Each structure stands twice: as C-alpha cells, then as structure tokens.
Amino acid sequence: MSIFAFIMLSNLRKKEIISLKQKKYRQRYSQFLVEGEKSVLELCQSSFLIEEILVTEPVFEKLKDLLPTSKVLILNEKEHKQYSALDTSPGIIAVSNFEENTLESFTFYNQISLMLDSISDPGNLGTIIRIADWYGIKSIVCSPDCVDVYNPKTIAASMGSFTRVRLIYTPLDEILKSIPIPSFACVMNGELIETIKKPSEGFIVIGNEANGIHENNLKLCTHNITIPKKGQAESLNAAIATAIVCHSFIMG
C-alpha cells in the first residue's frame, strides 16, 4: 500500500467493497460503486454521502485538488483492479451510500417525467438517465423489475447524471391510476409524435427492450405514440427511442 494513503481498510471492509459488485450486497449495505474520473467528480459535488475513494497514484496526482482527501485510499494498479466491476479499471472508484427516495418526495405535475417498464439492460438504463439529464427531466419511475440503478454498468453509462436525476421503483399501474396527468406510451402503432400537441406535463412510458409495455400498464396510458420511420428496422433501442421522444416533447 502506498505511503500516500489517507485511510486504511480492514480485511472485512475490503470484502464488503468487493461484494458491492452484486445487487444483494448493495442492498444489504445500502452502498454502491462509482467508477471513472467524471462520475466520481460529479459524485463529490452531489448530495450523496461518500464512504471511500479508492484511487491509483497517477490518478490521484491528477485529481488530488478535486477530491476530499479524508476519504482517499491510494492503491497500486493490481490492488485497484480487484475492486473494479468494469472490464478495465479506470483508476478511481468511489464507494457511496444510497440516497433513499420515497414516492411522497416526488412531484410529477407541471413537468415531463419518464416511466420505464421492465428495462433490463443496465447500459440502457444508464443512458436513459443521461438522456433525462440532457433534457432537464428530473424524475424517472421504474417498474420493480427494472434493472438496478446502482448496477455499476448503469452508473458508468449515466456518466454522472445519476446524481441529478431521481429514480423510484414502484408498480407503474399504481402511479398511472393515482396521478391524473397524461401518459404517452411508446408503441409501434400509435399517433405520430410529430403530430400530437406537446404537453406541459405527463409521463413518457418506455417498454422492455424485447417485449414492450406490459398490457396492464398500456391500458392505463392516455395516449399511444409512435416514432415515424422510413426503413425496415423492426424496432429501436429503448434509450434511442427515449431520446427521440424527449427531444420531440421538450425541444420540438
């Protein structure tokens, strides 16, 4: 271990951090991993509570004026790799506590929000979070079977946007029944997005990558919308579809 270390890790704590690659341990400890320079720096400027920052010496020398040194532990590259959940270790990993969101703390009126039905790919979810951040969308409602927002691949794909966009996991039908605002289901045979009157509030509902929106949720949506196409592709990636609809609704 480098002489530049500011904190020490017990063997037990090392095992706990490594275990955060798995969802069951993230839930047990209410903590998650954030990897990469940009994402960690975004985390440091957010309201998330950081426990440790594990960093290689070259990365520390580059970023030392931007990191809370009381949280830093400098490791050699071999040590650092064992903590990384990514194929290539980025040289900096933060361990953060969850931010617990409750439905009561969300507001969906007078704004556009996203609603995700059974999104299973962590890269898609992370990209959707980043898209939401780009278009100023602050809230995402996820069905309980959506991939974990704290999955390391989700966090990496969001490129720090997870610090500004809030997510809640709850049955979508309950929200659709209880919040009396428009809901726009993205389907293959709806009204073209370019022809509808753009709303000032409502949910954009995006379905599972393979199976679309569950029928019980689809029946509760007030509008079915479709992205126009000219070619022969069967469908669009969920994140790409989200970006197109968000642009049409918010910038169109």
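Remarks
- Only one of 170, 195 that is within 17 Å of the chain's Cα centre (by Cα) and among the hydroxyl-bearing types (Ser, Thr, Tyr): 170
- All of 243, 239 fail the test of being assigned to a helix (DSSP H, G or I), modelled with pLDDT of 95 or more and touching a Lys or Arg at 6+ places or on another chain (Cβ under 9 Å), apart from 239.
- Subset of the range 38-59 (residues that are in a loop (DSSP other than H, G, I, E, B) and touching a helix residue (DSSP H, G or I) at 6+ places or on another chain (Cβ under 7 Å)): 46, 48
- Tally of residues being closer than 15 Å to residue 240 by Cα and small (Gly, Ala, Ser) across the range 121-150: 3
- Residue satisfying all of: in the range 73-111; farther than 20 Å from residue 138 by Cβ and touching a Lys or Arg at 6+ places or on another chain (Cβ under 7 Å); modelled with the lowest pLDDT among these: 89
- The listed residue being in contact (Cβ under 8 Å) with a residue 60 or more places away in the chain and more than 24 Å from residue 32 (Cα to Cα), out of 193, 204: 204
- Residue in the range 165-178 that is small (Gly, Ala, Ser), free of Cβ contacts under 8 Å to residues at least 24 places away in the same chain and either farther than 25 Å from residue 46 by Cβ or surrounded by fewer than 19 Cβ atoms within 10 Å (Cβ to Cβ) (or both) present: yes
- Checked against (1) touching a Leu at 6+ places or on another chain (Cβ under 9 Å); (2) farther than 18 Å from residue 192 by Cβ, residue 242 passes all but condition (2).
- Of the residues making up the range 144-155, those that are assigned to a loop (DSSP other than H, G, I, E, B) and touching a strand residue (DSSP E or B) at 6+ places or on another chain (Cβ under 6 Å) are 144, 146, 149, 150.
- Members of the range 109-118 found to be part of a loop (DSSP other than H, G, I, E, B) and either touching a helix residue (DSSP H, G or I) at 6+ places or on another chain (Cβ under 8 Å) or buried (at least 24 other Cβ atoms within 10 Å of the Cβ) (or both), listed by number: 117
- Of residues in the range 125-160 being within 26 Å of residue 18 (Cβ to Cβ) and out of contact with any Ser or Thr (no Cβ under 8 Å at 6 or more places or on another chain), the one surrounded by the fewest Cβ atoms within 10 Å (Cβ to Cβ): 153
The values are calculated or read from the model by the stated rules, or taken from the named source; none is laboratory data. Worth saying up front: this structure is predicted, and the values here are computed from it rather than measured. Glycine also receives a Cβ, built like all others from the backbone with ideal geometry; neighbour counts cover every protein chain displayed.
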